[in-house]
Ligand SMILES: Cc1cc2nc3c(=O)[nH]c(=O)nc-3n(C[C@H](O)[C@H](O)[C@H](O)COP(=O)(O)OP(=O)(O)OC[C@H]3O[C@@H](n4cnc5c(N)ncnc54)[C@H](O)[C@@H]3O)c2cc1C
């Protein structure tokens, strides 16, 4: 009889893949069950008429989270995954004709801001210094550990981290903090936008989120060779190399609980037993569908869901030398846009538009030469049964009109192929409740503490990873959730 400990991972999203690798390194025999017929969850791709598109995430920061997995597994990363750093993170376009390049070299960005907006260089440099300090003081604790174990809450580390937090980071909203620091509306808008990195509203979310720019502008913005899908492919390949077994198109139907302990899962009406179960499925649906625990599911909903998005994938029969890899076309009135995203939950007439074009970095690879693969995204409210067909039509028209004004071309005539992703499809494709991109939002001061922990308080040997649980959504945090979970498992199994 084998004495190897067994682990079941539900879902092959980025957090599920990282969890499987970590548990395998810890000596578990790992099986991953995935409802789709491909790995990566939101981090996937598709091809259309000679164009290749990254379906979900497009911005890559903190490659060290990926490197760590390869070094833990004892495999040379360069044989699986390559990436490069980018000199410009984003190119920002405004209605008044201003165009700003956000250079990842802080001095160059400071000079650009001063020359384009009049914002004094020092203001940017001190802001980014503050962002770095905040990250260094807080990240070690809030992002790399569970906040939900009594020992962490009362540790000297927490007291020290909270003591270092200046009042402005806790009591001001992100927008208030940015407006107090910068003098120019265009700069304030750039730094307010970082709240959207976890689907939050800068006019509500705490100033604490101003640590996010540190990742992109101090640590750097990167591009994975072959596009974002290379992250999924590299981790999947690594997992296979470690002997992890994948079962695609096999949705888990139930988690089996015996005497308050998770002991396995039901799949295809068969029981499969294991020592631990790790759910990478949205925590709301895990309670609702796999545990039939409706009261815990309702509890999760006490925290507001993150925003969702509408994405138009356009194969463009034209190339645009004036555009970069990442481009933002700002709305005139950011506050009104966020009100409609989080309050009225309606379509907004003048949305901020994000256009990502990966063939800028690898010409000829993801689009035929002379053409471009556009990933065009606008933030959208979480799905509450709105009329998405109408939303699509409204947003599509608004995007074409706005880009026509700024780029001066008839975009409609250049769209060779089109595909659309809306919150309802996001929800059904990866079981993300309400189509939220990042699980829950950070629209409250207590958001970090309210997010669901990486373990179950009621059921032993059941763990949670991914964007809907601590420390939150986005690739870096999803990868950190797998690290926190694996540390817990190591401790729980050592104590036995
Ligand atoms: C359009 C879009 C743009 C984004 N942009 C960025 C970005 O630029 N940068 C960034 O860092 N992040 C971005 N994000 C967020 C990021 O994609 C997510 O936070 C992250 O990929 C979530 O990973 P995950 O592992 O938590 O979950 P998911 O990717 O949702 O994976 C969960 C997996 O579980 C599977 N599953 C669900 N139920 C079951 C079941 N019962 N049985 C078996 N399997 C099941 C699902 O099929 C899925 O594969 C974006 C997301 C979207 C949708």
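The values are calculated or read from the model by the stated rules, or taken from the named source; none is laboratory data. None of these values were measured; they are calculated from a predicted model. Don't worry about glycine lacking a Cβ; one is built from the backbone with ideal geometry, like all the others, and counts go over all protein chains shown.
Which residue, of 439, 385, 466, is closer than 30 Å to residue 259 by Cα and either surrounded by fewer than 17 Cβ atoms within 10 Å (Cβ to Cβ) or out of contact with any helix residue (DSSP H, G or I) (no Cβ under 7 Å at 6 or more places or on another chain) (or both)?
None of the other options fit; the residue is 439.
From the list 373, 356, 379, 383, exactly one residue is within 22 Å of the chain's Cα centre (by Cα) and assigned to a loop (DSSP other than H, G, I, E, B). Which is it?
Matching residue, one of 373, 356, 379, 383: 383.
Yes or no, residue by residue, for (1) more than 16 Å from the ligand (Cβ to nearest atom); (2) buried (at least 24 other Cβ atoms within 10 Å of the Cβ); (3) more than 21 Å from residue 216 (Cα to Cα); (4) at pLDDT below 95:
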| residue | (1), (2), (3), (4) |
| --- | --- |
| 1 | yes, no, yes, yes |
| 24 | yes, no, yes, no |
| 27 | yes, no, yes, no |
| 38 | no, no, yes, no |
| 45 | no, no, yes, no |
| 73 | yes, no, yes, no |
| 76 | yes, no, yes, no |
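Take the residues in the range 440-486 that are at positive phi and modelled with pLDDT of 95 or more; name whichever of them is nearest to the chain's Cα centre (by Cα).
Only one residue tops the list, namely 466.
Please state which of the following conditions residue 49 fails to meet, knowing it meets all the rest: (1) within 25 Å of residue 430 (Cα to Cα); (2) within 16 Å of the ligand (Cβ to nearest atom).
(2)
Of these, 392, 429, which one is part of a helix (DSSP H, G or I), out of contact with any helix residue (DSSP H, G or I) (no Cβ under 8 Å at 6 or more places or on another chain) and within 30 Å of residue 6 (Cα to Cα)?
429 is the lone residue from the list that is part of a helix (DSSP H, G or I), out of contact with any helix residue (DSSP H, G or I) (no Cβ under 8 Å at 6 or more places or on another chain) and within 30 Å of residue 6 (Cα to Cα).
For residue 216, work out the one condition from (1) within 26 Å of residue 86 (Cβ to Cβ); (2) away from the ligand (no atom under 12 Å from the Cβ); (3) in contact with a helix residue (DSSP H, G or I) (Cβ under 9 Å, 6 or more places away or on another chain) it doesn't fulfil.
Against the list (1) within 26 Å of residue 86 (Cβ to Cβ); (2) away from the ligand (no atom under 12 Å from the Cβ); (3) in contact with a helix residue (DSSP H, G or I) (Cβ under 9 Å, 6 or more places away or on another chain), residue 216 comes up short only on (2).
Assess whether residue 339 counts as being over 17 Å from residue 422 (Cα atoms) and either surrounded by 22 or more Cβ atoms within 10 Å (Cβ to Cβ) or in contact with a strand residue (DSSP E or B) (Cβ under 8 Å, 6 or more places away or on another chain) (or both).
No.
How many residues are over 21 Å from residue 431 (Cβ atoms) and either outside any helix (DSSP H, G or I) or within 11 Å of the ligand (Cβ to nearest atom) (or both) when one looks only at the range 236-253?
Looking only at that region, the number is 4.
Can you confirm whether residue 259 is within 9 Å of the ligand (Cβ to nearest atom), free of Cβ contacts under 8 Å to residues at least 60 places away in the same chain and either buried (at least 20 other Cβ atoms within 10 Å of the Cβ) or not assigned by TED's automatic domain parsing to the domain that holds residue 397 (or both)?
It is false that residue 259 is within 9 Å of the ligand (Cβ to nearest atom), free of Cβ contacts under 8 Å to residues at least 60 places away in the same chain and either buried (at least 20 other Cβ atoms within 10 Å of the Cβ) or not assigned by TED's automatic domain parsing to the domain that holds residue 397 (or both).
Please enumerate the residues belonging to the range 3-19 that are more than 11 Å from the ligand (Cβ to nearest atom) and in contact with a helix residue (DSSP H, G or I) (Cβ under 8 Å, 6 or more places away or on another chain).
Those that are more than 11 Å from the ligand (Cβ to nearest atom) and in contact with a helix residue (DSSP H, G or I) (Cβ under 8 Å, 6 or more places away or on another chain): 5, 7.
Kindly evaluate residue 391 against the criterion of being at pLDDT below 95, within 17 Å of residue 354 (Cβ to Cβ) and within 16 Å of the ligand (Cβ to nearest atom).
yes
Return a yes/no flag: does the range 416-424 have any residue that is at pLDDT below 95, within 16 Å of the ligand (Cβ to nearest atom), within 30 Å of residue 275 (Cβ to Cβ) and in a helix (DSSP H, G or I).
no
Can residue 489 be described as away from the ligand (no atom under 15 Å from the Cβ), touching a helix residue (DSSP H, G or I) at 6+ places or on another chain (Cβ under 9 Å) and either more than 28 Å from residue 230 (Cβ to Cβ) or at pLDDT 95 or above (or both)?
yes
Residue 183: farther than 18 Å from residue 134 by Cα and part of a helix (DSSP H, G or I), yes or no?
no
Do you know which residues across the range 1-53 are without any contact (Cβ under 8 Å) to a residue 24 or more places away in the chain and assigned to a strand (DSSP E or B)?
Answer for the range 1-53, where residues must be without any contact (Cβ under 8 Å) to a residue 24 or more places away in the chain and assigned to a strand (DSSP E or B): just 47.
What number of residues within the range 280-298 satisfy the criterion of being touching a helix residue (DSSP H, G or I) at 6+ places or on another chain (Cβ under 8 Å) and either within 19 Å of residue 465 (Cβ to Cβ) or not assigned by TED's automatic domain parsing to the domain that holds residue 18 (or both)?
Residues meeting the conditions: 11.
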